[in-house]
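Student: Sharing a structure with you now.
The values are calculated or read from the model by the stated rules, or taken from the named source; none is laboratory data. Predicted model, so just to flag it, every value in this text is computed and none were measured. Cβ sites come from the backbone with ideal geometry, for glycine too, and all protein chains shown count toward neighbours.
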Amino acid sequence: MKNHLTKAVIAATALSIAAPAFAQTELSFWSWRQEDVAAYGEIIAAFEAENPEISVTYTAHEAKAYNTILTTALAGGSGPDIIHTRAYGSLENISSAGYLEPLDGQVDLSLLSADELLGTTLRADGHVYAVPFASQTVVVYYNMDIFDAQGITAPDTWDEFLAVSQQLKDAGITPLANGTADGWTVEIMSGAFMPNFYGSEFFGDVTSGATTFEDPRYVTALGKMAELAPFMPVGFEGVDYATMKALFNSGAAAMFVGGSWEINGFREAGVNIGMMPGPSAEAGSERMVATWMDGGYAVNAASENKEAALAFIRFTATTPFAQMLTDKLNNIAAVDGAMSSNPDLQQVANFHSAATPYIMLVAFRFDKPTGSSLLQDGLQQLMTGSKTAEEVAADVTAGIAAAE
């Protein structure tokens, strides 16, 4: 077991007394997380107080356009000094092109596990190119006021979940806010429901090549997704992410399947939320959640302020940083040692006792076509009835086999 307290003291001491002296340096820091501007302002201020010779400017770009904006800048020899990267395949695309500074030997990564570092490690050379950011978890949110008014108890099993959804629908309430216009949100839905049907061993089996996505376990799980369509908004094919959130925030829909990053937004909107894992396949079986490392902090290899940027990255690998991230962003930090007093985060952390990797992001988003794009397209067709679960599974299997 890691000695978190000792390492936190060492890390904090290294930050405050062992950092090299710099001439006055201005660093640019790009991200896609527009919702976190204020929080990062406070975190950066803490770093600047310990490093008065370095100033950091945080710029948050539109999330969907971020990868394109970033890679275009990097390809042109520019871009920010500090890069908030996405993980797994998205990180590999820019690290394999030589745009990122390898961090091995330059940053103390001892407060991070091998699984956490997997998302920021380039497979080709084994080097770590970013300090992992936070853990995300797929959950089912529900409006507790609506459930109470309808006399509904949060369901445990799949059959109970469908019965509750029917009760809400009969009462004139849209059970699920989720639509399918934005493919990534349908994949998120799959992360809540499908693991409870394909089970804890499927990830290892499919990533080792012992089976494919045509495995009966996975086909069965896909079929369950189709059963949700009657409980989604009318015209769900055209319901995008913004509309989904509006339906849930307004109380027009009783449940919302999303990531743990949604907690702050729902609380700020005044929704009395409850959270639960996806329902179990049957009574007594485990309720699994899909999890992943959501990005990291990296240094632009072409930065003219590389040493100052590395000083900031070293800061992101410490427990004091992780504690601020936990407190201000309400995320479960990747770096060990942070403790949260937030009951929402404590509940999400408890769900991790039965966790499985968010399969397509963690293992099949490195080549083209990505497993995510194949699954998203397939789920959109499955939910509208234009393809069967067996057809979607075959398409995903064939697409991944042909990926390069």
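Student: Of everything in region 357-401, what is of a type in the set (S, T, N, Q), in contact (Cβ under 8 Å) with a residue 24 or more places away in the chain and either assigned to a helix (DSSP H, G or I) or not assigned by TED's automatic domain parsing to the domain that holds Pro233 (or both)? Give them in sequence order.
Tutor: Once the filter is applied, which keeps residues that are of a type in the set (S, T, N, Q), in contact (Cβ under 8 Å) with a residue 24 or more places away in the chain and either assigned to a helix (DSSP H, G or I) or not assigned by TED's automatic domain parsing to the domain that holds Pro233 (or both), region 357-401 yields Ser372, Ser373, Gln376, Gln380, Thr397.
Student: Among the residues of region 291-304, is there at least one that is closer than 12 Å to Val140 by Cβ, of a type in the set (A, V, I, L, M, F, W, C), touching a Phe, Trp or Tyr at 6+ places or on another chain (Cβ under 7 Å) and in contact (Cβ under 8 Å) with a residue 24 or more places away in the chain?
Tutor: Initially, region 291-304 is screened for residues closer than 12 Å to Val140 by Cβ, giving none.
Looking for residues that are closer than 12 Å to Val140 by Cβ, of a type in the set (A, V, I, L, M, F, W, C), touching a Phe, Trp or Tyr at 6+ places or on another chain (Cβ under 7 Å) and in contact (Cβ under 8 Å) with a residue 24 or more places away in the chain, one finds none in region 291-304, hence no.
Student: Within the bounds of region 175-192, is there any residue that is over 19 Å from the mean Cα position of the chain (by Cα) and assigned to a helix (DSSP H, G or I)?
Tutor: no
Student: Could you tell me whether Ala349 is in a loop (DSSP other than H, G, I, E, B), under 19 Å from the mean Cα position of the chain (by Cα) and free of Cβ contacts under 8 Å to residues at least 60 places away in the same chain?
Tutor: Values: in a loop (DSSP other than H, G, I, E, B): no; under 19 Å from the mean Cα position of the chain (by Cα): yes; free of Cβ contacts under 8 Å to residues at least 60 places away in the same chain: yes.
The answer is no for Ala349.
Student: Give the residues of region 119-139 that are within 18 Å of Val289 (Cβ to Cβ) and outside any loop (DSSP other than H, G, I, E, B), sorted by residue number. Steps first, answer last, please.
Tutor: From region 119-139, those within 18 Å of Val289 (Cβ to Cβ) are 119, 134-139; that's our starting set.
Within region 119-139, Ala134, Ser135, Gln136, Thr137, Val138, Val139 qualify.
Student: Taking region 88-105 on its own, how many of its residues are more than 22 Å from Val56 (Cβ to Cβ) and in contact with a strand residue (DSSP E or B) (Cβ under 7 Å, 6 or more places away or on another chain)?
Tutor: Of the residues in region 88-105, 1 are more than 22 Å from Val56 (Cβ to Cβ) and in contact with a strand residue (DSSP E or B) (Cβ under 7 Å, 6 or more places away or on another chain).
Student: Do we have any residue at all in region 210-231 that's over 20 Å from Ala355 (Cα atoms), in contact (Cβ under 8 Å) with a residue 12 or more places away in the chain, in a strand (DSSP E or B) and in contact with a strand residue (DSSP E or B) (Cβ under 6 Å, 6 or more places away or on another chain)?
Tutor: So far as region 210-231 goes, no, none of its residues is over 20 Å from Ala355 (Cα atoms), in contact (Cβ under 8 Å) with a residue 12 or more places away in the chain, in a strand (DSSP E or B) and in contact with a strand residue (DSSP E or B) (Cβ under 6 Å, 6 or more places away or on another chain).
Student: Condition test on Ile152, is it more than 28 Å from Thr25 (Cβ to Cβ), in a helix (DSSP H, G or I) and more than 24 Å from the chain's Cα centre (by Cα)? Steps first, please.
Tutor: On the way: more than 28 Å from Thr25 (Cβ to Cβ): yes; in a helix (DSSP H, G or I): no; more than 24 Å from the chain's Cα centre (by Cα): yes.
Considered against the rule, which asks whether it is more than 28 Å from Thr25 (Cβ to Cβ), in a helix (DSSP H, G or I) and more than 24 Å from the chain's Cα centre (by Cα), Ile152 comes out as no.
Student: Under the condition of being β-branched (Val, Ile, Thr) and without any contact (Cβ under 8 Å) to a residue 40 or more places away in the chain, which residue from region 153-167 is nearest to Phe197 (Cα to Cα)?
Tutor: Within region 153-167, the subset β-branched (Val, Ile, Thr) is 153, 157, 164.
Now narrow it down to the ones that are without any contact (Cβ under 8 Å) to a residue 40 or more places away in the chain: 153, 164.
Working: Thr153: 22, Val164: 19 Å.
Only one residue tops the list, namely Val164.
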